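**Q** The structure's right below; bear with me while I get my questions together.
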Amino acid sequence: KLHSDLDKGVGTVKYTLSGDGAGTVFTIDETTGDIHAIRSLDREEKPFYTLRAQAVDVNTKKPLEPESEFIIKVQDINDNEPKFLDGPYVASVPEMSPVGAYVLQVKATDADDPTYGNSARVVYSILQGQPYFSIDPKTGVIRTALPNMDREVKEQYQVLIQAKDMGGQLGGLAGTTTVNITLTDVNDNPPRFPKSIFHLKVPETSHVGSAIGRIRAVDPDFGKNAEIEYNIVPGDGGNLFDITTDEYTQEGVIKLKKPLDFETKKAYTFKVEASNLHLDHRFHSVGPFKDTATVKINVLDMDEPPVFSKPMYTMEVYEDTPVGTIIGAVTAQDLDAGSSSVRYFMDWKNDVDSYFTIDATEGTIATNELLDRESTAQYNFSIIASKVSNPLLTSKVNVIINVLDVNEFPPEISVPYETSVCENAKPGQVIQTITAADKDLSPAGQRFSFKLSSEASNKPNFTVHDYRNNTAGIETRRNGYSRRQQELYFLPIVIEDSSYPVQSSTNTLTIRVCRCDSDGTIQSCNVEAIFLPVGLSTGALIAILLCIVILLVIVVLYVALRRQKKKDTLMTSKEDIRDNVIHYDDEGGGEEDTQAFDIGALRNPKVIEDNKIRRDIKPDTLRFTRHRPPAEDNTDIRDFINQRLQENDVDPSAPPYDSLATYAYEGNGSVAESLSSIDSLTTEADQDYDYLSDWGPRFKILADMFGEESYNPDKVT
């Protein structure tokens, strides 16, 4: 209730309310100032509300007092039960744990006010799970309540836990949760064989390393605590077998270490021990964590293939042994109770097997072809033996035949030697050391002897010195040799071996005479070098030859260029205005023919060229022309023409036929118009052409035309 001292109870004061929940949770009577809650309150939702109140004059609407603030607290009641926020729980504890072993701690939460009364005071208890576990009422810690709980008896436990407020008193609210507890395994049980004797039956044909049986010891533990190791106890028959552990099934796998033979031994007995790999010292008092069982193995008789007396046969035979010669035999037996006969045959794989044959009944091996050690020194093939009673049962053995050597090849010089001797060699000088080789398989200590043939022993040129170590030296017997007299010497050498029968061969060694310096260094062995000066070395000879080759190349190039230039002189360019020569194959039309060449080149006063060699064919003979002085109508032109005529007349390359000579100067103010003799005003009577008769038959027609007859333009052709 709100009340102002200025309120006289006459209705002049009005009360207003604002703040948290004003109008929604709380309301106020404007006249009396009474505050009411208009809905239910929840402390867990909002524990207090802050409000503001004010008294206002009804008439003036003005505050009578300053606004005041107050807090409304919600009083708690026990309306919330405890809750396990993390439940349900899962826990584990090792089996065989002592009483009071810690398992898990649970915790319940009460939303009520812990500062007011006992509404939030929680007490824990077990509703289900006794007498195996207990719980602390205040802390909620769960512990074991019974000793030696065995996982192998019961592994899973479900415990129901209750949490109650109001200190567990009557009327308090309660909540529950479930705790699933698992007993974890410890190695508290040794392995045990379910029976003391295991019987196994094994065929005698079982392969070494194959599994022939399984035995198993039982261990109720779990995981690594149930891992078992099996071992064979040393004793009768244990050395033929081995045992390993299958890591998935924990079974003992018995394997065969050596082959079995029913005819030798029919049964084996040994003991197997099973033990845990991971032991727990807390349970040593229980007893040894291992167990032992007996294994009896009976060997079953099987129809087996024949067995050879040796794992491999090695034989020897001399090469060239006659066909059909027996060189050895193989033997196989049937070891089964009912012994059967054995048949032999070769395992044909390639053509090599055809060199030998085998007797199907006796197993003897004989040659089928002549053998050559130099071609094949060793043969390797297989022999198969089968039982007559069961041909499908076969066995195989390898046979190696070594072909022994027979001394059939004579020794020869091992490599072709290039032997030389200096012209200035002294007697007794070693010029070559030779060795020999034999195609036969040389036995240990094989010796070769060297000597000159009988026909060469009498010649005083060279001798052979046998060093007694399968080598020999070629020595000189003369004081100096001359290439001019004899360039090559052929020395026959006889080489013998020490095998039986003795084989020998005659080998010819070619010796070349060479020119050497004073130190014995070979300078030249060529025939051409005999006639060269003694003082020239090989480098000097090469330099001289190189110079000769260069000179020959220069001469060839010069001749080729001269021929090319001569060919070019016959091909005059039509565009060269300084020497415009027109080539044609028929005779000209005489002096009146002015269309055969361009006379415009004679009318260019600016073209001046030096005297140059004519590019025409050189005439056979040279005669100086005899001409009479021209008309004296222009002096400078006359002098110029005379000069050019003189130059061309004495030119050795001037042609003997009509051609155009470019003078490149006409003179200034010439009234003659053209200097060409063709269509000229002057007559041929002014010139002497007697010299044409001296030029040979080719110019006979011109000599007849101009030499004896008077000039007649109509007769010119």
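**Q** Gap in Å between the Cα centre of the stretch 289-355 and the Cα centre of the stretch 55-127?
**A** Here the two parts' Cα centres lie 95 Å apart.
**Q** Also: Residues with amide H under 5 Å of residue 421's amide H, sequence separation 5 or more or different chain, H placed in the peptide plane at 1.01 Å from N; which?
**A** Placed amide hydrogens put 512, 513, 514 under 5 Å from residue 421.
**Q** Kindly rank 551-558, 372-379 from highest to lowest mean number of other beta carbons found within 10 Å of each residue. Mind dumping the intermediate values first?
**A** Details: 551-558: 10.0, 372-379: 13.5.
Packing proxy ranking, top to bottom: 372-379, 551-558.
**Q** If you count only protein heavy atoms and use a 1.4 Å probe, how large is the accessible surface of residue 650, to the nearest 10 Å²?
**A** Spelled out: residue 650, probe radius 1.4 Å, area about 60 Å².
**Q** Compute the signed sum of charges (Lys and Arg +1, Asp and Glu -1) over the other residues within less than 11 Å, Cβ to Cβ, of residue 402.
**A** On the way: positive: 373; negative: 316, 319, 405.
Taking every other residue near residue 402 into account, the sum is -2.
**Q** Between the alpha-carbon centers of the stretch 141-181 and the stretch 381-417, tell me the distance in whole angstrom.
**A** 89
**Q** Given Cα pairs under 8 Å that are at least 6 residues apart, what percent is the relative contact order of the stretch 83-184? Numbers along the way, then the final one.
**A** On the way: 242 pairs, mean separation 37.1, N = 102.
Computed over the stretch 83-184, the figure is 36 percent.
**Q** Another question about this same structure. Evaluate the relative contact order of the stretch 407-456 (contact order divided by residue number), counting alpha-carbon pairs under 8 angstrom at least 6 apart; express in whole percent.
**A** Over the stretch 407-456, the number comes to 47 percent.
**Q** Once you place label points 7 Å from the Cα toward the Cβ at residue 266 and residue 433, how far apart are they in nm?
**A** Taking the simple label geometry, residue 266 and residue 433 are separated by 7.7 nm.
**Q** Can I ask one more? Can you pick out the pairs among 439/459; 426/459; 266/349; 310/349; 14/73; 310/439 whose Cα atoms lie more than 28 Å from each other? Provide the component values of the computation, followed by the final result.
**A** Working: 439/459 32 Å; 426/459 16 Å; 266/349 39 Å; 310/349 22 Å; 14/73 25 Å; 310/439 34 Å.
Among 439/459; 426/459; 266/349; 310/349; 14/73; 310/439, the Cα-Cα distance tops 28 Å for 439/459; 266/349; 310/439.
**Q** Among rounded, prolate and oblate, which fits the stretch 197-300 when a ≥ b ≥ c are the square roots of the eigenvalues of its C-alpha gyration tensor, a/c under 1.5 means rounded, and a/b larger than b/c means prolate? Don't skip to the end; give the middle numbers.
**A** Numbers: a/c = 3.02, a/b = 2.19, b/c = 1.37.
Prolate, since a/c reaches 1.5 and a/b exceeds b/c.
**Q** Here is a further query. Tabulate in residue order the Karplus-calculated ³J(HN,Hα) for the stretch 62-73, using 6.51 cos²θ - 1.76 cosθ + 1.60 with θ = phi - 60°, rounded to whole Hz; enter x for Gly and Pro.
**A** 9, x, 8, 9, x, 5, 10, 10, 8, 10, 10, 8
**Q** Moving on to the next point. Just to verify a number: what accessible area does residue 96 come out at with the full protein assembly present, 1.4 Å probe, Å² rounded to tens?
**A** Near enough 50 Å² of accessible area.
**Q** Residue 181: net charge of surrounding residues, Cβ under 12 Å, Lys/Arg +1, Asp/Glu -1, itself excluded?
**A** On the way: positive: 143, 151, 154; negative: 95, 155.
So the environment of residue 181 carries a net charge of +1.
**Q** Taking the mean number of other Cβ atoms within 10 Å as a proxy for protection, how do you rank 105-112, 696-703 from highest to lowest? Can you show the working numbers first?
**A** Details: 105-112: 19.1, 696-703: 13.9.
In decreasing order of mean packing, 105-112, 696-703 become 105-112, 696-703.
**Q** Taking only C-alpha pairs under 8 Å that are 6+ residues apart, what is the relative contact order of the stretch 197-300 in percent? Working shown, then result.
**A** Values: 211 pairs, mean separation 39.6, N = 104.
So the answer I get is 38 percent.
**Q** Pop out the carbon and sulfur fraction of the accessible area of the stretch 307-404 as a percent, whole number, probe 1.4 Å. Kindly include the intermediate steps, with their values, before the conclusion.
**A** Numbers: 2660 of 5200 Å².
Carbon and sulfur: 51 percent of the exposed surface of the stretch 307-404.
**Q** Could you tally the net charge around residue 505, taking each other residue with its Cβ under 13 Å from the Cβ of residue 505, Lys/Arg +1 and Asp/Glu -1?
**A** Details: positive: 439, 451; negative: 408, 412, 438, 440, 496, 497.
Its environment carries a net charge of -4.
**Q** Additional query: What number results when the radius of gyration of the stretch 307-404, computed over Cα atoms, is divided by 2.2 N^0.38 Å?
**A** Working: Rg = 14.0 Å, N = 98, 2.2 N^0.38 = 12.6 Å.
Ratio of Rg to 2.2 N^0.38 Å for the stretch 307-404: 1.11.
The values are calculated or read from the model by the stated rules, or taken from the named source; none is laboratory data. Just so it is clear, the structure is predicted and the values come from calculations on it, not from any experiment. As a convention, Cβ positions derive from the backbone with ideal geometry for all residues, glycine included, and neighbour counts pool all protein chains shown. Please note that ligands, DNA and RNA were not included when accessible areas were found on the heavy atoms of the full protein model with its side chains. Shrake-Rupley method; radii C 1.70, N 1.55, O 1.52, S 1.80 Å.
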